Amino acid sequence: MAPQPQTLVEALYRLPEGEERGFRFLGLDRKERYYPYAAMRAEAERRAAFLSAAGLEKGDRVALLLPENHEFVLSFLGASVGGFVPVPMYPQATFKAIDAYLDILAHIVEAADAKALICMEQNRDVVEKLRARPELEGRQILFSPECFEGPAPAFERPAIRPDDLCFLQFTSGSTSKPKGVMVTHGNLVANATAFLGPSGLNRTPDDVGVSWLPLFHDMGLIGFVLGTLIVDLPVVLMPTAHFARMPRMWLELITKHKGTITYAPNFAYQLVTKRVRDKDLEALDLSTLRIAGCGAEPIRAKTLLEFADRFAACGFSPNALLPSYGMAESCLAITFHPRDDEMIVDRVDPAAMRDGIAAPAEEGATDALEVVSCGVPFPDHELKIVDEQGETLEDRRVGEIVARGPSVTPGYFRNEEATAAGIRDGWLHTGDLGYTVDGNVYICGRIKDLIIIKGANHYPQDLEWAVGELDGVRRGNVCAFSVVRDGTEELVMMAEANRGDAERLRKEIAETIFSDFGLQVADVVIAPVGTLPKTSSGKHQRRKTQLLYERGELTSHPAPAESRDGG
């Protein structure tokens with residue numbers, strides 16, 4: 001057996017020749033483009049040659065703002081082959097809030113000190129505005145796919161080592177400004193071989209991955225591009241925009257290409273369960289799916305079980321469901337639920353959870369909280385739960401999740417303060433709350449998002465899920481946060497809904513939170529659809545929502561005169 005590749009570039013050059021194995025891209029124009037591995041490798045080397053001829057040197061950062069998946073992948077690989085460091089950035093989905101979007105891009109380009117930008121003609125205007133900003137001084141060399149046409153300049157591929165930077169993955173910025181996570185080639189290979197190897201998804205020669213996940217975030221990029229290249233797993237990629245407009249296309253693509261592995265956040269399983277019509281089920285075949293992974297946001301047992309029930313008629317097996325936990329600072333995955341095993345749901349007592357103890361609920365309890373197991377750490381990786389003093393907690397005690405192993409980042413790019421705060425004594429402090437039971441990890445939420453009222457802990461997603469069930473509330477678009485008034489922490493709920501439902505929902509939301517959690521809601525904000533602040537990956541920006549609320553700047557439907565100010 002050949003030794004394991006040590007870098008992404010080494011893996012790329014080891015992939016088999018021939019037309020049989022490669023990547024298939026569904027474009028924004030809905031045309032399929034097939035690239036065998038050999039064609040991807042050749043094009044990557046061409047692009048590396050053009051970048052090198054423009055004066056870029058090994059280690060220079062190259063920002064990628066490419067809405068077409070095939071152009072993104074080829075340019076990413078081109079930068080990698082040249083020894084440069086790709087910096088994925090998210091293309092703007094709408095024309096709204098252009099200034100805020102440019103602020104984020106400018107922060108990333110400046111923090112990465114990117115020497116070049118690669119875009120497409122369709123978003124060149126945005127990039128030109130970005131380069132014209134005073135803080136960037138127009139110093140980036142601008143490329144587009146057209147720049148890589150014609151005979152390639154002479155090029156000598158540089159040596160790439162495992163400890164060289166592979167790329168910078170900027171965090172989503174749900175609780176702070178995006179930070180550049182340094183991912184080395186060694187980190188990437190360690191994580192990819194762990195989550196796709198025998199201890200993880202156990203890649204087979206017959207596997208086919210299918211994904212609509214955005215490539216500017218780790219789950220889509222590593223899970224379905226870089227990791228799959230390292231282990232030789234062909235994939236089919238569709239644009240995120242297609243999934244957003246027509247969710248069933250995801251399942252249709254799995255059916256067409258006999259996909260065996262797919263992944264998505266919780267909301268996506270909820271969306272297709274709701275949106276796919278009965279008459280569409282007959283055309284779907286999900287019997288080939290052996291892995292339907294879920295991660296990147298809080299996982300709700302009810303959502304996954306409803307998905308399994310809805311698509312059982314299409315051959316879907318509930319044992320394909322694979323909850324997992326991870327983050328960019330550990331490359332991608334930290335824990336996986338064992339494949340082919342039934343999903344584990346822990347029913348815990350809500351009152352005990354408010355005191356930081358995940359005590360099992362009584363049999364038949366109707367108010368039990370359901371927490372999904374995200375599995376166990378990979379070999380050569382460790383995880384534990386610690387208290388505020390860093391002491392290890394026993395099973396069923398809620399604390400911060402910390403992890404260490406070869407997948408963990410060396411730190412944040414040119415940000416010693418954040419690195420020192422995030423990585424202590426070799427342990428990555430995730431900022432996530434959770435607990436363990438018999439080695440299995442259960443995720444509770446983010447430390448910074450925890451709502452503490454009268455000394456009791458409340459996890460915002462629990463409140464949000466309860467409100468999301470109400471008729472008229474747009475599911476997945478509810479935000480719970482707290483504000484301090486006169487020294488007391490008070491609860492505020494924000495939900496997106498139509499104006500005609502606003503007055504009714506203010507009352508129903510307050511009643512639901514009181515009956516389910518025993519909490520008084522200080523204010524209920526009913527906002528127009530599409531106004532809840534979110535990150536580029538779709539996560540709630542609770543801190544930003546709270547700040548806008550405190551400034552009186554949250555967009556909302558008019559409230560009755562007796563409602564509190566600030567909403």
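The values are calculated or read from the model by the stated rules, or taken from the named source; none is laboratory data. Since the structure is predicted, the reported quantities are computational estimates derived from the model, not experimental observations. Ideal geometry is used to build each Cβ from the backbone, glycine not excepted, and the neighbour counts take in all protein chains shown. Calculation scope for accessible area: heavy atoms of the full protein, side chains included, ligands and nucleic acids excluded. Shrake-Rupley method; radii C 1.70, N 1.55, O 1.52, S 1.80 Å.
A compact table of results
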item: LEU393 vs. criteria in contact with a Ser or Thr (Cβ under 9 Å, 6 or more places away or on another chain), within 22 Å of GLY223 (Cβ to Cβ) and modelled with pLDDT of 95 or more; result: no
item: Residue check, PHE76 open to solvent by less than 10 Å² (accessible area, probe 1.4 Å), touching a residue at least 60 places away in the same chain (Cβ under 8 Å) and farther than 16 Å from ILE118 by Cα; result: no
item: Residue list for the range 17-37, restricted to those being in contact with an Asp or Glu (Cβ under 8 Å, 6 or more places away or on another chain), modelled with pLDDT of 95 or more and either among the hydrophobic types (A, V, I, L, M, F, W, C) or more than 19 Å from ALA241 (Cβ to Cβ) (or both); result: ARG21, PHE25, LEU26, TYR35, PRO36, TYR37
item: Some residue of the range 84-93 being more than 22 Å from PRO239 (Cβ to Cβ), modelled with pLDDT of 95 or more and not β-branched (Val, Ile, Thr); result: yes
item: Any hit, the range 65-75, residues being in a strand (DSSP E or B) and either out of contact with any strand residue (DSSP E or B) (no Cβ under 6 Å at 6 or more places or on another chain) or within 18 Å of MET89 (Cα to Cα) (or both); result: no
item: Number of the condition not met by GLY375 [criteria: (1) open to solvent by 50 Å² or more (accessible area, probe 1.4 Å); (2) within 30 Å of LEU286 (Cα to Cα)]; result: (1)
item: Failed condition for ALA111, given (1) over 18 Å from PHE170 (Cα atoms); (2) hydrophobic (A, V, I, L, M, F, W, C); (3) open to solvent by 10 Å² or more (accessible area, probe 1.4 Å); (4) modelled with pLDDT of 90 or more; result: (1)
item: Selection from the range 488-527 of residues that are outside any strand (DSSP E or B) and within 16 Å of ALA456 (Cα to Cα); result: ILE513, PHE514, ASP516, PHE517, GLY518, LEU519, GLN520
item: Checklist (1) touching a residue at least 60 places away in the same chain (Cβ under 8 Å); (2) not in a strand (DSSP E or B) applied to ALA351, failing item; result: (1)
item: Residue selected from the range 135-154 under the condition in contact (Cβ under 8 Å) with a residue 60 or more places away in the chain and buried (at least 17 other Cβ atoms within 10 Å of the Cβ), by the criterion farthest from LEU105 (Cα to Cα); result: ALA152
item: Those residues of the range 158-214 which are part of a loop (DSSP other than H, G, I, E, B) and either at positive phi or touching a Pro at 6+ places or on another chain (Cβ under 6 Å) (or both), in sequence order; result: THR171, GLY173, SER199, ASN202, VAL208
item: Subset of the range 1-27 (residues that are open to solvent by 60 Å² or more (accessible area, probe 1.4 Å) and either closer than 18 Å to PRO158 by Cβ or among the hydrophobic types (A, V, I, L, M, F, W, C) (or both)); result: MET1, ALA2, GLN6, GLU10, TYR13, ARG14
item: Which numbered condition GLY426 misses (of (1) in contact with a Lys or Arg (Cβ under 6 Å, 6 or more places away or on another chain); (2) in contact (Cβ under 8 Å) with a residue 40 or more places away in the chain); result: (2)
item: Meets criteria (modelled with pLDDT of 90 or more and either part of a helix (DSSP H, G or I) or out of contact with any His (no Cβ under 6 Å at 6 or more places or on another chain) (or both)) for ALA480; result: yes
item: Selection from the range 391-423 of residues that are touching a residue at least 12 places away in the same chain (Cβ under 8 Å), open to solvent by 20 Å² or more (accessible area, probe 1.4 Å), out of contact with any helix residue (DSSP H, G or I) (no Cβ under 6 Å at 6 or more places or on another chain) and farther than 23 Å from ALA112 by Cα; result: LEU393, ASP395, ARG396, ARG397, VAL398, GLU400, ARG404, GLY405
item: Residue list for the range 79-101, filter: in contact with a Lys or Arg (Cβ under 6 Å, 6 or more places away or on another chain) and within 15 Å of LEU117 (Cα to Cα); result: VAL85, VAL87
item: Qualifying residue in the range 434-451 (condition: touching a Ser or Thr at 6+ places or on another chain (Cβ under 9 Å), modelled with pLDDT of 85 or more, over 23 Å from PHE267 (Cβ atoms) and part of a strand (DSSP E or B)); result: yes
item: Hits in the range 317-344 (condition: open to solvent by 10 Å² or more (accessible area, probe 1.4 Å), in contact with a helix residue (DSSP H, G or I) (Cβ under 6 Å, 6 or more places away or on another chain) and at pLDDT 95 or above); result: PRO318
item: Residue, farthest from CYS294 (Cα to Cα), within the range 431-459, restricted to residues that are β-branched (Val, Ile, Thr) and open to solvent by 10 Å² or more (accessible area, probe 1.4 Å); result: ILE453
